[in-house]
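Computed from the coordinates by the stated procedures, all read-outs in this text should not be read as laboratory data. A quick note: this is a predicted structure, and the numbers were derived from the prediction, not measured. As a convention, Cβ positions derive from the backbone with ideal geometry for all residues, glycine included, and neighbour counts pool all protein chains shown.
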Amino acid sequence: MSKHFIGYEHRDILIDKKYVDIYSDAYPNFGWQIERKSAGKEHHDKTLLKMKRDRKLINQTELKRLQRKFESKMANIEKLERLKTLSPTIVASIIGLIGTAFVAGSVFANDAGYTIGMVVLGTVGLVGWILPYPVFKHRMIKSTHKYQPLIDHEYDLVYEICEKAYTLSRVID
């Protein structure tokens with residue numbers, strides 16, 4: 001067998017576009033070489049990373065363990081980011097739906113000939129259509145204050161993992 005032969009293992013991962021830079025910076029620390037980045041065919045908000053790594057990499061077992069830890073922390077970050085917007089979105093949507101119900105009520109009141117009821121219900125309905133955005137922004141600020149420290153802590157752990165992996169992957173036999 002040739003002394004220069006390198007057997008590679010290959011891996012393709014589909015990730016959210018907003019995390020491409022983090023994954024692209026992190027995976028080389030685990031011994032991966034990123035061969036290609038391409039847009040996901042079925043998922044336009046995703047990117048496909050094609051990677052390869054030497055099968056005979058030194059410290060491979062430990063690097064795989066650190067890589068699983070990294071992937072777990074990144075999953076936590078993605079979950080926390082979704083949680084950050086979930087509550088504000090739900091509250092704003094409910095307010096908008098209630099506003100729509102009042103507008104519908106004003107239409108029925110108009111059909112029944114109740115002009116004052118129509119005006120009152122219509123006004124409340126319009127307020128219900130105007131309020132969701134400011135409520136969303138206000139709740140988003142509160143949610144960000146709640147979740148951002150947790151997200152930042154997870155990123156700190158990710159960077160520590162990558163630093164350990166970098167040290168291990170640069171060991172030459």
Original post:
Rounded to the nearest 0.05, what FRET efficiency do residue 24 and residue 56 have when you use their Cβ-Cβ distance and R0 = 30 Å?
Top reply: 0.80
Subject >> Integer Hz, Karplus 6.51/-1.76/1.60 couplings in order for the stretch 74-91, x for Gly and Pro >> reply: 5, 5, 5, 4, 4, 5, 5, 5, 5, 4, 4, 9, 5, 4, x, 5, 5, 4
Subject >> Dimensionless Rg over Rh [the stretch 31-133; C-alpha; Kirkwood] >> reply: 1.41
**OP:** Show which aspartates and glutamates lie in cross-link reach of residue 73 when reach means a straight Cα distance below 12 angstrom and same-chain residues fewer than eight apart are skipped.
**Re:** 152, 154, 156, 160
Subject >> Relative contact order (%) - criterion: Cα under 8 Å, at least six apart; region: the stretch 58-173 >> reply: 43
**OP:** Distance between Cα centroids, the stretch 79-151 to the stretch 1-61: provide it in whole Å.
**Re:** 43
Subject >> Too-long pairs where the Cα-Cα distance tops 27 Å, listed order kept, from 18/164; 50/142; 79/142; 52/84 >> reply: 50/142; 52/84
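How large is the charge dipole for the chain, taken about the Cα centre, if only the Cβ atoms of Lys, Arg (+1) and Asp, Glu (-1) carry charge, to the nearest 20 debye? Let's see the in-between values first.
On the way: 27 positive and 20 negative charges, 105 e Å.
So the magnitude is around 500 debye.
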**OP:** Please give the length that would be gained between residue 42 and residue 97 if that part of the chain were fully extended, namely 0.36 nm times their separation in residues minus their C-alpha to C-alpha distance (nm, one decimal).
**Re:** 16.7 nm
Original post:
Between residue 137 and residue 79, what length in nm is gained on full extension when 0.36 nm per residue of separation is reduced by their alpha carbon distance?
Top reply: 18.9 nm
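Loop only by DSSP, 12 or fewer other Cβ within 10 Å of the Cβ. Give me the trypsin sites (Lys or Arg not before Pro) in the stretch 93-173 that pass, ordered by residue number.
On the way: sites: 137, 139, 142, 146, 164, 170; in loops: 170.
Here the sparse-neighbourhood loop sites are 170.
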Subject >> Residue-wise HN-Hα coupling along the stretch 153-162, computed from phi with Karplus coefficients 6.51, -1.76, 1.60 (Hz; x: Gly, Pro) >> reply: 5, 4, 4, 4, 5, 4, 5, 5, 4, 5
Original post:
Quick one: helix 115-130 against the long Cα principal axis of the chain, what's the angle to the nearest 10°, folded into 0 to 90?
Top reply: 20
Subject >> Equivalent ellipsoid semi-axes, the stretch 1-57, via Cα gyration tensor eigenvalues times 5, rooted, Å >> reply: 26, 12, 7
Original post:
Which of these values of percent of Cα pairs over 24 Å apart was calculated from the structure shown: (1) 58; (2) 38; (3) 33?
Top reply: (1)
